[in-house]
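The values are calculated or read from the model by the stated rules, or taken from the named source; none is laboratory data. These numbers come from a predicted model, not from an experiment. Here the Cβ positions follow ideal geometry from the backbone for every residue, glycine too, while neighbour counts run over all protein chains shown.
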Amino acid sequence: MFVEIHDIAVSKMIAGREKDFEFLTVAFRSDYIVPETFIERARTIIHSPQNAALEPRLKRLNEYLKTKKDFQNVSQLIEKLKREIQRGRT
């Protein structure tokens with residue numbers, strides 16, 4: 001059994017350390033992570049015990065990616081998921 005890269009990416013995002021965001025940046029840039037698949041996996045956390053960490057980590061990841069180049073697509077997907085989470089609370 002092997003761990004899939006998108007599952008690792010979501011775990012790294014939830015950990016939320018600087019080195020985790022650096023890993024994600026390299027993985028996105030190298031096309032190891034498909035942004036849509038990453039968001040799909042992140043969406044699975046909405047109904048898990050880690051759900052309270054999801055929105056703040058998405059926000060931090062998005063802020064981090066905005067300091068880099070060529071991550072508009074990922075940023076848009078993150079913003080869309082954040083809106084979904086916020087709508088789910090109301």
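Go through the range 1-19 and give me each residue that's closer than 16 Å to P35 by Cα, in a helix (DSSP H, G or I) and without any contact (Cβ under 8 Å) to a residue 40 or more places away in the chain.
Once the filter is applied, which keeps residues that are closer than 16 Å to P35 by Cα, in a helix (DSSP H, G or I) and without any contact (Cβ under 8 Å) to a residue 40 or more places away in the chain, the range 1-19 yields I5, H6, D7, I8, A9, V10, S11, K12.
Can you find, within the range 23-41, the residue that is farthest from E79 (Cα to Cα) among those that are of a type in the set (D, E, K, R) and surrounded by fewer than 13 Cβ atoms within 10 Å (Cβ to Cβ)?
D31
Tally the residues that are surrounded by 19 or more Cβ atoms within 10 Å (Cβ to Cβ) and assigned to a helix (DSSP H, G or I), restricting the search to the range 42-73. Give the steps one after another, and end with the answer.
Here is the first cut: in the range 42-73, the residues surrounded by 19 or more Cβ atoms within 10 Å (Cβ to Cβ) are 42, 45, 54, 57-58, 61, 65, 71.
After this cut, where a residue has to be assigned to a helix (DSSP H, G or I) as well, the list is 42, 45, 54, 57-58, 61, 65.
Residues meeting the conditions: 7.
Going by what's in this entry, would V34 be described as among the β-branched types (V, I, T), modelled with pLDDT of 90 or more and under 22 Å from E18 (Cβ atoms)?
no
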